[in-house]
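The values are calculated or read from the model by the stated rules, or taken from the named source; none is laboratory data. Please read these numbers as outputs of a predicted model, since none were measured by experiment. Virtual Cβ from ideal backbone geometry, glycine too; neighbours counted across all protein chains shown. Protein only, heavy atoms only, side chains kept; ligands, DNA and RNA dropped before computing areas. Shrake-Rupley method; radii C 1.70, N 1.55, O 1.52, S 1.80 Å.
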Amino acid sequence: FLNKDSEIIKFFSSFEKKVINEIEKGEKLLEKEKDIFKLHHFFKNFDFLSLKFLSTINPEINSYIEKRKNIKKIINGNDIILLGIDKKFIEKVKEMIEIEEMKGNIKTKEEAIEYIRKKKHEIQGSSF
């Protein structure tokens, strides 16, 4: 995207450098994986500006941005622990629920709980 040795880079703020770094990282990820939702783990912390720029490269990101804005965070860590999931898997489980929510597969807390119950052995048996 921009040469790290470019003269203009030294005038960029730390925020602008962060955005450029995210864009470059996002471009590489998009080359390898075409399912935007599988990239949620990487994109969930991206700045909105970085995602908007990436959408000029891959328009499907606009769909991801819109769906990500509507995540309701319908389940929390305590809910997950009460279902017998080890604490070390909480963030991964929350991410799984967010992805299913963006895809439209989960809309309520009850559906999230049912999803976790069905995936419990898969979750606990993995090394995420």
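Observations on the model:
- Our note on the geometry: Cα centres of the range 14-71 and the range 77-128, 23 Å apart.
- The mean accessible area for residues of the chain, using a 1.4 Å probe and ignoring ligands and nucleic acids, is 65 Å² per residue.
- The range 36-88: mean projected area of Cα convex hull, nm²: 4.4
- Of the solvent-accessible surface of the chain, computed with a 1.4 Å probe over protein heavy atoms with every protein chain present, carbon and sulfur atoms account for 53 percent.
- For the chain, size of Cβ-based charge dipole, Lys and Arg +1, Asp and Glu -1, in debye: 320
- Dividing the alpha-carbon radius of gyration of the chain by the rule-of-thumb value 2.2 N^0.38 Å gives 1.25.
- In sequence order, calculated HN-Hα J values of the range 37-51 (Karplus, 6.51, -1.76, 1.60; Hz; x Gly/Pro): 5, 5, 8, 3, 3, 8, 7, 4, 9, 6, 5, 4, 4, 4, 5
- Helix 14-32 axis, angle to the chain major axis (alpha carbon atoms, nearest 10°): 70
- Rounded tilt (10° steps) of 109-125 against the dominant C-alpha axis of the chain: 80
- Between 0 and 90°, nearest 10: helix 90-103 axis offset from the chain longest Cα axis: 80
- The fraction of Cα-Cα pairs per 10 angstrom bin, counted from 0 for the range 62-128, comes to 22, 54, 22, 2 percent, rounded to whole percents.
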